[in-house]
Amino acid sequence: MTKLYPGGGGCFDISLSLGAGDIFGLLGPNGAGKSTFIKMLVGLLTPTSGRARILGLPHGSLEARRQVGFLPENFRYHDWMTAAELLEFHGTLHGLSRGEARQRIAQALATVGLKGLEKRLIHTFSKGMQQRLGLAVALLPRPRLLFLDEPTSALDPIGRREIREIMQELQDRGLTIFLNSHLLTEVEKVCRKVAVIRRGRIVATGNLEELLGMGRHHEVQLEAGGLTAALLQCIEQIASVLHREDDPAAGRTRLRLRVDDQDKLPLLAETVVHGGGRIYNLSMAQNSLEDLFVDLMAGDQADV
């Protein structure tokens, strides 16, 4: 799908697929096109070209809209209402009967941890509580697919954890979640499959474990004894030494190394042992999502 704006920007030739029951993360800096893409999928923006299917239905169709929930990034509800009044209003918009709305409201509030606060005015809610209330609104139609646009960006660590726990509970119930975020740690904690968007284009997509293995380099931690100058030179022919720490009392040296191929790890161990060294620890550090993100955004001087 493509969305072009007269002044530039938007999304270009985006092609993604979600598996049922997944929490899928679309990751990118502010202004990269995440919100534009999600608004096309929920029918708030008309694409310039391309098409999509939501749960097997044409995106933007009434049938598709009835099966999705959407929590926008910047929302503001009528703060003079109570939580129950707000949800009753949205129940009316969904065409729910009074009895059905009452049942769904109770279930939605229980799911997001606001049970017992139905009569409380919205303006008295904290930011985290308002975010959970917005999630309750998105859950009111009992969607099969839930779109969340930056649901934790303005929350403190406790609020972020609460939203993560709710997402994981919803996934356990079989709900599919499409998550937009620029918060790397949040995506890393809840998503199995992700895509990275840069300047409106997808630059990487796949299972998180696979993507973290595609980095340009790997870091290795080595702790060994008996590392002579000659042996250190042999090690430097295999890996770049990023940091060295000697412990004369223990007769050990700790090295942080960088290799361009993880298959060099056995060669590194063989070199140390054959050179008379004694290995106490040899491990490869896992690339982080932050490392991958920085690599993929290389060349950008500012968020777009």
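The values are calculated or read from the model by the stated rules, or taken from the named source; none is laboratory data. Just so it is clear, the model here is predicted, and its values are computed rather than measured. Cβ: placed from backbone, ideal geometry, glycine included. Neighbour counts: every protein chain shown.
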Might you let me know whether segment 80-91 holds any residue that is surrounded by 15 or more Cβ atoms within 10 Å (Cβ to Cβ) and either β-branched (Val, Ile, Thr) or in contact with a strand residue (DSSP E or B) (Cβ under 6 Å, 6 or more places away or on another chain) (or both)?
yes
Return yes or no: is ASP149 among the acidic types (Asp, Glu) and free of Cβ contacts under 8 Å to residues at least 40 places away in the same chain?
no
Take VAL220 and tell me if it is touching a helix residue (DSSP H, G or I) at 6+ places or on another chain (Cβ under 7 Å), closer than 30 Å to ALA250 by Cα and surrounded by 18 or more Cβ atoms within 10 Å (Cβ to Cβ).
yes
Members of segment 46-92 that are at pLDDT below 90 and aliphatic (A, V, I, L, M):
ALA52, ILE54, LEU55, LEU57, LEU62, ALA64
Where residues in segment 229-248 are over 38 Å from the mean Cα position of the chain (by Cα) and within 10 Å of VAL272 (Cα to Cα), which of them is surrounded by the most Cβ atoms within 10 Å (Cβ to Cβ)?
LEU231
Take the residues in segment 132-157 that are assigned to a helix (DSSP H, G or I) and either at pLDDT below 90 or closer than 14 Å to VAL42 by Cβ (or both); name whichever of them is nearest to the chain's Cα centre (by Cα).
PRO157
Within the set of pairs 6+ apart or on separate chains, which have a first residue in segment 180-199 that is not assigned by TED's automatic domain parsing to the domain that holds GLU73, a second that is among the charged types (D, E, K, R) and surrounded by fewer than 19 Cβ atoms within 10 Å (Cβ to Cβ), and C-beta atoms under 9 Å apart?
none
Can you list the helices (runs of 4 or more DSSP H) lying wholly within segment 1-114 that have 1 or more residues being under 23 Å from ILE202 (Cα atoms) and charged (D, E, K, R)?
34-41
Scope segment 22-32; condition of a type in the set (Gly, Ala, Ser), in contact with a strand residue (DSSP E or B) (Cβ under 6 Å, 6 or more places away or on another chain) and surrounded by fewer than 24 Cβ atoms within 10 Å (Cβ to Cβ); matching residues
none
By residue number, the members of segment 270-304 that are modelled with pLDDT under 75 and among the small types (Gly, Ala, Ser) are ALA285, SER288, ALA298, GLY299, ALA302
